[in-house]
Amino acid sequence: MLRIPPYPASLETRKDIEKHINELLDMDVIRNIGHNEIVEITTCVLITWNDGKSRLYGDFRALNSYKKADSYPIPRLPHALDKLAKSKYIANMDCMKGFHQNGVKPNSMKLLRTICHMGKYE
């Protein structure tokens, strides 16, 4: 079972993490899970850019041990660009919190749980 404690964070970083967690909770993107629930869990990481904006990530590197190897090759960029060159339309979508809009199978949700000073979330 994978259980990683939260990384230490400064008071300022904790405030930013709280802001992001509360925003994701308000959007019903994540939910708080009980402390008694047996969980496989990893920690969240706050990345701050030079302009002062920040983004909350999960450190899911340990999940690589659970993952099966890809059975298909990664597309090559020149091949993808050749296909796009012949296209009549190209779509570009910018979604708020786009990563969180990807569907996850219910039995995989437990692998995407994170922990921070505020609690555990999935």
Exercise for the section: Answer yes if at least one residue in the stretch 30-44 is over 15 Å from LEU112 (Cα atoms), free of Cβ contacts under 8 Å to residues at least 12 places away in the same chain and assigned to a strand (DSSP E or B), and no otherwise. Expected result: no
Scanning the stretch 1-20 for residues that are assigned to a loop (DSSP other than H, G, I, E, B) and in contact (Cβ under 8 Å) with a residue 24 or more places away in the chain, the one farthest from LYS53 (Cα to Cα) turns out to be MET1
Among (1) under 16 Å from LEU111 (Cα atoms); (2) surrounded by fewer than 10 Cβ atoms within 10 Å (Cβ to Cβ), ASN50 falls short only on (1)
Across (1) surrounded by 13 or more Cβ atoms within 10 Å (Cβ to Cβ); (2) at pLDDT 85 or above; (3) among the small types (Gly, Ala, Ser), ALA62 clears everything bar (2)
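When you go through ASP82, ASP70 one by one, which is the residue that is in a loop (DSSP other than H, G, I, E, B) and free of Cβ contacts under 8 Å to residues at least 60 places away in the same chain?
Result: ASP70 is the single residue among ASP82, ASP70 that is in a loop (DSSP other than H, G, I, E, B) and free of Cβ contacts under 8 Å to residues at least 60 places away in the same chain.
The values are calculated or read from the model by the stated rules, or taken from the named source; none is laboratory data. Values in this document were obtained by computation on a predicted structure and should not be read as measured data. All Cβ positions, glycine included, derive from the backbone under ideal geometry; neighbour counts span all protein chains shown.
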